[in-house]
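Structure, as structure tokens:
Every number here is computed from the coordinates shown, using simple stated rules; none is lab data. Quick caveat: nothing in here was measured; it's all calculated off a predicted structure. Here Cβ is always computed from backbone atoms with ideal geometry, including for glycine, and neighbour counts include all displayed protein chains.
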Amino acid sequence: MSKKPQDGLATLAIHAGEKTIERSVTQPIFQSSTYVFEEETQYVDVKYGRLSNTPNHQTLAEKIAALEKMESGLVTASGMAAITTTLLACVEPEGHLLAQDQLYGGTYYFLKDDFSKWNRKVSLFSVGESSNLERHFQSNTQAVYVETISNPTLQIPDLEKVVEIAHRHGALAIIDNTFASPVNFNPVDLGFDLVIHSATKYLNGHTDVLAGAVAGGSRLIEKIRKMICHLGPSLDPHACFLLNRGLKTLVLRVQQHNINAQRLAAGLQKIPRVKKVYYPGLEEHPNHLLAAKYFKGFGGMLSFDFDSAVNELEQALKKLRLPFVAPSLGGVETLITRPSTTSHSGISATERSRLGIHDTLVRVSVGLEDVNDLLLDFEQAFSV
Ligand code: PLP
């Protein structure tokens, strides 16, 4: 598709990167690991699945770059593949990374347990410190890493300040934008250099694919592509097809996730046994003003604290009719988890308590069911 600067996100989600092949409107799956090496082909032009340069990869790369308003994009076999290859490509051996402390568990454990094995160092800062990071910088700090909305207490770093200070120190500003999605926020607008997604979540949206994505300037994306070629986590063509199909409805889905989550958050606040609701769209949320300044919508994720013991909470969760108790997020169906037993179970109880991740904290990925049904379901399960 020939792009026009004024094309809206919904248009790009459907048309960006698409090429008609054999007159098919929907791109077929190129189930071929390798491609014919023609006489005039240079070695750098070799097409091979692991090099992430087959037609299915290229369409997605262009589409994701367009959605994040970046020069180039890449897809990977999972969100963690996107995160690990990006961090290893952007922080050199002997280099230092400055990262937010409240992160997706997989990212946190990779940084805590594995990063040093690759001869890279990391130090962590709290979301509250994000506007004042000066003292954390070291002479070898090469990148600052944050999540748009932290998991699971939904705090928002001072993203403008993070970019400003990273660039002042000659470091890259990298963000995991999974929770917001490009519909609610484009980090490039604040100057971020690289945007990562677990495409398993909102980008795909149907809980049937594992995938990751990175978007940024071409030079950086080529560095990451090289790391993917070496480590091997490229996306399978069938998963590419499913992700591309999911992306076409991204805008509509996320707009409705925003509406459903805002209504459910307000409804949960009225249930007496719900002690506190964490949702950036609520005025009481400590980062509501930042969220309103940065985001077009407040997203589909919320958390809440229950007022009683864990066993009572477990009983209440069992009474829910619609949500599945399952990790992950961003799909059409509502999912709930207790982060202390899932994503953050490997963190010590003291550290969890410091991060506000109580045993009675419940995280909800609000789905696309009729929100009145969701409200009634939570009321019946949690009111007694
Ligand atoms: N980033 C965030 C914010 C996540 O929530 C997750 C997974 O839950 C990941 C990254 C990792 O993504 P994946 O499971 O696709 O590897």
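Name the shape class, rounded, prolate or oblate, that the alpha-carbon gyration tensor gives for the stretch 168-240, where a ≥ b ≥ c are the square roots of its eigenvalues, rounded holds for a/c under 1.5, and otherwise prolate holds if a/b is larger than b/c and oblate otherwise. Cα axes put the stretch 168-240 in the oblate bin. Could you tell me the center-to-center distance, by alpha carbons, between the stretch 99-118 and the stretch 1-74 in angstrom? Value for the Cα centre distance between the two parts: 32 Å.
Among the DSSP helices (H) of the chain, those spanning at least 24 angstrom by Cα along their long axis with an average Kyte-Doolittle hydropathy of -0.5 or more are 250-269; this is a geometric and hydropathy rule only.
For the stretch 87-145, what does the alpha-carbon gyration tensor say about shape, rounded, prolate or oblate, given a ≥ b ≥ c as the root eigenvalues, a/c under 1.5 as rounded, and a/b over b/c as prolate?
Oblate shape, in that a/c is at least 1.5 and b/c is the bigger or equal ratio.
As a rough footprinting exposure proxy, the listed residues Tyr294, Tyr43 were ranked by other beta carbons within 10 Å of their own, and the order from fewest upward is Tyr43, Tyr294. Straight-line reach from Lys223: taking Cα to Cα under 15 Å and skipping same-chain neighbours fewer than 8 places apart, the aspartates and glutamates in range are Glu71, Glu92, Asp193. In this label model, Asp189 and Glu134 are separated by 2.9 nm, measuring between points 7 Å along each Cα→Cβ vector.
Based on the alpha-carbon gyration tensor of the stretch 303-384 and its eigenvalue square roots a ≥ b ≥ c, which shape applies: rounded if a/c is under 1.5, prolate if not and a/b is larger than b/c, or oblate?
Oblate, because a/c is 1.5 or more while a/b does not exceed b/c.
Looking at the chain, the DSSP beta bridges with both ends there are about 55 percent antiparallel. In a DSSP loop and with at most 16 other Cβ atoms within 10 Å, there are no trypsin sites (Lys or Arg not before Pro) in the stretch 85-169.
Listed from fewest to most Cβ neighbours within 10 Å, the set Val254, Val127 follows the order Val127, Val254. In the chain, the convex hull through the Cα atoms has an average projected area of 19.6 nm², a quarter of its surface area. For the options Ile196, Ile224, Ile259, a Gaussian network treatment of the chain with springs between C-alpha atoms closer than 10 Å singles out Ile259 as fluctuating the most.
This ranking places Thr141, Thr334, Thr178 by how few other beta-carbon atoms lie within 10 Å of each, fewest first, which gives Thr141, Thr334, Thr178. Only helices enter this figure: runs of n ≥ 4 DSSP H residues, each worth -39500 (n - 2.57), summed and divided by the residues of the chain, yield -10000 deg cm²/dmol at 222 nm to the nearest 500. In the neighborhood of Leu329, defined by Cβ-to-Cβ distances under 11 Å, what is the net charge if each Lys or Arg adds +1 and each Asp or Glu adds -1? That works out to +1. For the pair the stretch 202-254 / the stretch 120-151, the C-alpha centres are spaced 26 Å from each other.
Annotation: aspartates and glutamates with alpha-carbon distance below 17 angstrom to Lys276 (same-chain offsets under eight excluded): Glu284, Asp305, Asp307, Glu312, Asp359, Glu379.
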